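The values are calculated or read from the model by the stated rules, or taken from the named source; none is laboratory data. This structure is a prediction, so every number in the text was calculated from the model and none was measured. Neighbour counts are summed over all protein chains in view; Cβ atoms, including those assigned to glycine, are modelled from backbone coordinates with ideal geometry. Quick note on the areas: whole protein, heavy atoms, side chains included, nothing else; ligands and nucleic acids left out. Shrake-Rupley method; radii C 1.70, N 1.55, O 1.52, S 1.80 Å.
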Amino acid sequence: GSGVSWGFQFGATNDWDAIATWGSSNYQAGCSDTSGNAWALTTSGGQRLRKWTPGGAAPGSWAITCNSAGSHGNDLCYDSDNDLILGLSCGNGVTGSGMNGAIYTSGGVTKTNLTLAGSGLAQMESDLPFGTSIVYDRFNGCFWYYCGDGTSRVYKMVLSGSTLTITLPTLTGATIPNRVSAHGRMILLDDYKTLVFMPSGTKNLYAMRIA
């Protein structure tokens, strides 16, 4: 939020942004794309998708690409195969209930609300997941969703048009410990075709093969 600096400028300065120059419009955690751009939603004044473009030697800059009403909040995930951004949240991403989803296409300009379906949807809604992680799996053409808020469930999600089908795969082996917030605690290691989970800084890492 305002007064907190989280931005880092690569280039001539290689230093953190000045205090209060990042987050003044209540950016939520977002994602990056394959061109080095960062994407984030704002939580005030409706719903704005903002794009941060690297500036090289000069400071980068934020610009609004989509301004639309709606309750969808974080999290965001970039789909590199289809050049789109998936947004999925419980409630408004911070409080509330019910799952809300949307995709952003055409360089973040066009927002399409999603119809959520699948055998895992009811359980996901019951989980009330806040502070989650989403990654895109280019090997299987799907998204993986790692819950927080007291669960360790991992959902598989397939996008077809404007429908996101959610399932809850049966996992074998070690059980990932429950945690309150899972945001940023799942990554995909492409070279190993493996998802890696870090429940906390004091727990073991957990790995799951996806191909």
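Regarding Asp15, is this residue over 18 Å from Gly101 (Cα atoms), modelled with pLDDT under 85, surrounded by fewer than 13 Cβ atoms within 10 Å (Cβ to Cβ) and among the charged types (D, E, K, R)? Against the criterion (over 18 Å from Gly101 (Cα atoms), modelled with pLDDT under 85, surrounded by fewer than 13 Cβ atoms within 10 Å (Cβ to Cβ) and among the charged types (D, E, K, R)), Asp15 qualifies. Scanning region 123-150 for residues being open to solvent by 20 Å² or more (accessible area, probe 1.4 Å), within 17 Å of Ile85 (Cβ to Cβ), touching a strand residue (DSSP E or B) at 6+ places or on another chain (Cβ under 8 Å) and not in a strand (DSSP E or B) gives a total of 1.
One residue is enough: does region 198-211 have a residue meeting the conditions over 21 Å from Asp33 (Cβ atoms), free of Cβ contacts under 8 Å to residues at least 12 places away in the same chain and aliphatic (A, V, I, L, M)? Yes: one or more hits. The combined condition, being modelled with pLDDT of 85 or more, loosely packed, with under 15 Cβ neighbours inside 10 Å and within 23 Å of Asp127 (Cα to Cα), is fulfilled by Gly98.
Lys156 is checked against (1) more than 15 Å from the chain's Cα centre (by Cα); (2) over 25 Å from Arg50 (Cα atoms) and fails just one. What number does that condition carry? Among (1) more than 15 Å from the chain's Cα centre (by Cα); (2) over 25 Å from Arg50 (Cα atoms), the lone unmet condition for Lys156 is (1). Being surrounded by fewer than 21 Cβ atoms within 10 Å (Cβ to Cβ), out of contact with any Pro (no Cβ under 8 Å at 6 or more places or on another chain) and modelled with pLDDT of 85 or more holds for only one residue in Ser80, Ser68, and it is Ser80.
A quick yes/no check of all residues on (1) in contact with a Ser or Thr (Cβ under 8 Å, 6 or more places away or on another chain); (2) closer than 25 Å to Gly91 by Cβ:
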residue	(1), (2)
Asn140	no, no
Tyr145	yes, yes
Val154	no, yes
Gly161	no, yes
Val196	no, no
Pro199	yes, yes
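For region 171-188, taking the residues that are hydroxyl-bearing (Ser, Thr, Tyr) and under 15 Å from Thr151 (Cα atoms), the one that is most open to solvent (accessible area, probe 1.4 Å) is identified as Thr175.
Residues that are modelled with pLDDT of 85 or more and in contact with a strand residue (DSSP E or B) (Cβ under 6 Å, 6 or more places away or on another chain) within region 175-188 comprise Ile176, Arg185, Met186, Ile187, Leu188, listed in sequence order. Restricting attention to region 101-122, the residues that are over 30 Å from Ser200 (Cα atoms), surrounded by 19 or more Cβ atoms within 10 Å (Cβ to Cβ) and among the small types (Gly, Ala, Ser) total 1.
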